[in-house]
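K.L.:
Here you go, one structure.
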Amino acid sequence: MFLAAALGIIIFGGVTRIARFAEIVVPFMALGYVIAALFVMVMNIGQLPSVIALIFKSALGSKRDLVRCWGLARYMQAAMESVVPGFGASLVAIA
């Protein structure tokens, strides 16, 4: 109940209150994310060399081109979906 009330106060306070809340909370969220990532890396320290090797092998290997094509297709799809609501469905027919 307290969480719902606090969220209501933040949301109904407008953009300035949301921005003020984000200024306070986001740095702690980022710090928590970094600490969690470091914890996972420390717990799996034995696998770290093979993971780094896999990253370089995947970035420079033959799968790279296939992944780039898939990424480009997803990027184009997201761009089309973000444009369509503003202009109607006529752009979908063109594609």
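K.L.:
Where in region 26-48 does the label zone of Ser58 land, with the point 7 angstrom along Cα→C-beta and an amide N cut-off under 15 Å?
P.N.:
Residues 48 qualify, since their backbone N sits under 15 Å from the label point.
K.L.:
State the extension gain, in nm to one decimal, for the chain segment bounded by Tyr75 and Gln47, taking 0.36 nm per residue of separation less the distance between their alpha-carbons. List each step's numbers first, then the result.
P.N.:
On the way: separation 28, 0.36 × 28 = 10.08 nm, distance 3.21 nm.
Additional length available on full extension: 6.9 nm.
K.L.:
If you average 1/r across every pair of different Cα atoms in region 1-43 and take the reciprocal, what Kirkwood value do you get, in Å? Display every interim value, and only then the final one.
P.N.:
Values: mean 1/r = 0.0830 Å⁻¹.
With all distinct Cα pairs of region 1-43 included, I get 12.0 Å.
None of the figures in this text is laboratory data; all of them are computed from the coordinates on show. Predicted model, so just to flag it, every value in this text is computed and none were measured. Don't worry about glycine lacking a Cβ; one is built from the backbone with ideal geometry, like all the others, and counts go over all protein chains shown.
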